[in-house]
Amino acid sequence: MGMAEIRFDDGAAYERMMGAWSRLLGEVFLDWLAPKAGQSWLDVGCGNGAFSELIVTRTAPGAVDGIDPSEGQLSYARTRPATGKVQFRQGSATELPYADNAFDHATMALVLFFVPDPAKGVAEMARVVKPGGSVSAYTWDIFGDGFPQERVFKELRAMGRTPSRPPQSEASRIAVKAQLWKDAGLTDIETRVITVERTFENFDDLWGIMLTSPTIKASMAEMTPAEGAELKDRARRAFPAAADGRITYPAWANAVKGKVAA
């Protein structure tokens, strides 16, 4: 499956699938960045605004800009209660339409492995951040099984299917991130793993959300009814429930931060 097929244009569907995970990760990530109040932010690949909203509610920013290639996602982002002060615009991570030294922080939340040229994306973030400002990102740990849908993907592979990965999955590795930041001339580079947990009321709740994944949806569309039922049964076994029926499981991301040289 190519990049065009896994691009997210439906903000509401993305919110069901990834919004809650994004907020859980984003809260830990922002605490790790430890920003000062009143600063200016650029959220690159802001999508449906889940992380932009967190920046507003948790960092007391002076200004927030968000940019994304999908107008459908941006339309959803503009409906969020706390994003009224965010300036959203359509555009590319590799050609940011902002002046040099324009922001205190530039960040990518769950985006770097979708950027066609990750090195160019990091260089662009470094360009638009002021000396002493921060450039940061986190992505799911694709190769360390940290992706929230990975358990279903494993069952798909066991059934002979090949679920797609983000087109630049190598950028999910901590060592690759650290090198990208170094190559962009950033300093004080730090990395970490962020692990979070999410609880679902029952398997049907979890499965309904899994089916909003473009990859799982596409795989199911190619299956016979019997194969679809088999995948669901395999997934049910992969996510054991507690006595009350609830299902809690972890996912984790690799994060990086650095500073623009003063």
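The values are calculated or read from the model by the stated rules, or taken from the named source; none is laboratory data. Keep in mind it's a predicted model, so treat the numbers as computed, not measured. Please note: Cβ atoms are built from the backbone with ideal geometry, for glycine as well, and neighbour counts cover all protein chains shown.
Worth a mention:
- All conditions but one from (1) within 19 Å of Val176 (Cβ to Cβ); (2) surrounded by 17 or more Cβ atoms within 10 Å (Cβ to Cβ) apply to Tyr98; the one that does not is (1).
- Of all residues in region 134-158, those that are surrounded by fewer than 21 Cβ atoms within 10 Å (Cβ to Cβ) and part of a strand (DSSP E or B) total 0.
- Flag for Glu71 being over 22 Å from Ile209 (Cα atoms), of a type in the set (Asp, Glu), at pLDDT below 95 and surrounded by fewer than 22 Cβ atoms within 10 Å (Cβ to Cβ): yes
- Qualifying residue in region 225-246 (condition: in a strand (DSSP E or B), aliphatic (A, V, I, L, M) and touching a residue at least 12 places away in the same chain (Cβ under 8 Å)): no
- In region 100-107, the condition of being under 24 Å from Glu197 (Cβ atoms) and either within 18 Å of the chain's Cα centre (by Cα) or not hydrophobic (A, V, I, L, M, F, W, C) (or both) is met by at least one residue.
- Counted residues, region 159-174 - those being among the charged types (D, E, K, R), part of a loop (DSSP other than H, G, I, E, B) and either surrounded by fewer than 16 Cβ atoms within 10 Å (Cβ to Cβ) or under 18 Å from the mean Cα position of the chain (by Cα) (or both): 2
- Of all the numbered requirements in (1) under 19 Å from Phe113 (Cα atoms); (2) basic (Lys, Arg); (3) surrounded by fewer than 16 Cβ atoms within 10 Å (Cβ to Cβ); (4) touching a Ser or Thr at 6+ places or on another chain (Cβ under 8 Å), Lys257 misses one, and that requirement is (3).
- Filter result for Glu230 (over 19 Å from the mean Cα position of the chain (by Cα), acidic (Asp, Glu) and farther than 26 Å from Ala119 by Cβ): yes
- For Trp207, the conditions (1) surrounded by 15 or more Cβ atoms within 10 Å (Cβ to Cβ); (2) closer than 23 Å to Ser172 by Cβ all hold with the exception of (2).
- Failed criterion for Gly49 (all others in (1) without any contact (Cβ under 8 Å) to a residue 12 or more places away in the chain; (2) small (Gly, Ala, Ser); (3) surrounded by 20 or more Cβ atoms within 10 Å (Cβ to Cβ) hold): (1)
- So Gly84, is it in contact (Cβ under 8 Å) with a residue 12 or more places away in the chain and either small (Gly, Ala, Ser) or in contact with a Cys (Cβ under 8 Å, 6 or more places away or on another chain) (or both): no
- Conditions (1) at pLDDT below 95; (2) crowded, with 20+ Cβ neighbours inside 10 Å; (3) not in a helix (DSSP H, G or I): number failed by Thr212: (2)
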